[in-house]
Amino acid sequence: MSESTPEVREAVVAEIEQKKQEHRRVNVRVPIRISTVDPERDHRTGKLYFFTSDEVSANISRGGAFVATPEDLEPGRRVLVEIDIPNGSNIQTLGRVVWKRLGNGRVDVSPATRPGVGIEFTGDRSDQLSELDRYITGASRRRLPTPAVTGGPGKHSTT
């Protein structure tokens, strides 16, 4: 059993703080489209299809996002994430659902209990993620206007 010295504790705290700064998270609402990478099989027809849903972020970082959605995407699900940031850029990256929060059926849901999924960005599109980083840095310095969001949840397309 090893003893924890003040130096070890300081090193651990410094590492945690560095990771927090590495992926600064901001509470912003930006349009996000989620599409499944792997096809699903319709249980009625047996046909394969890909799921696509237009949603809105609740918060976002270079490493991932919380996407408010009533859709039931299971953890481990691979997804293509398309983010429309207000400067007109469209960022595309691969991601993985790492957790989900189911809704309670209430309409007046607070952001802390809103149904949705946590998505980790796994794609290696450093140019696009750098663009997202610039947006996040700007958003954390000032409160940006929330862009208009159109569309609705749960659009499906067949193949």
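Numbers below:
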quantity: Computed E for Asp38/Asn87 - FRET, C-beta separation, R0 41 angstrom, nearest 0.05; calculated: 0.85
quantity: Spin-label model distance (nm) - Asp133 vs Leu94, 7 Å beyond Cα toward Cβ; calculated: 2.1
quantity: Thr122 long-range amide H proximity, modeled H, under 5 Å; calculated: Leu94, Gly95, Arg96
quantity: Residues in segment 70-84 reached by a label modelled at Thr45 [backbone nitrogen below 18 Å; 7 Å Cα→Cβ]; calculated: none
quantity: Long-range amide H partners of Arg62 with built H, under 5 Å; calculated: Arg24
quantity: Nearest-0.05 FRET efficiency for Arg114 and Leu80, computed from C-beta distance (R0 22 Å); calculated: 0.45
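Readers should treat all values here as calculations from the given coordinates under stated rules, not as data from a laboratory. Keep in mind the model is a prediction, meaning the values are calculated, not measured. Heads up, the Cβs are rebuilt from the backbone with ideal geometry, glycines too, and the neighbour counts pull from every protein chain shown.
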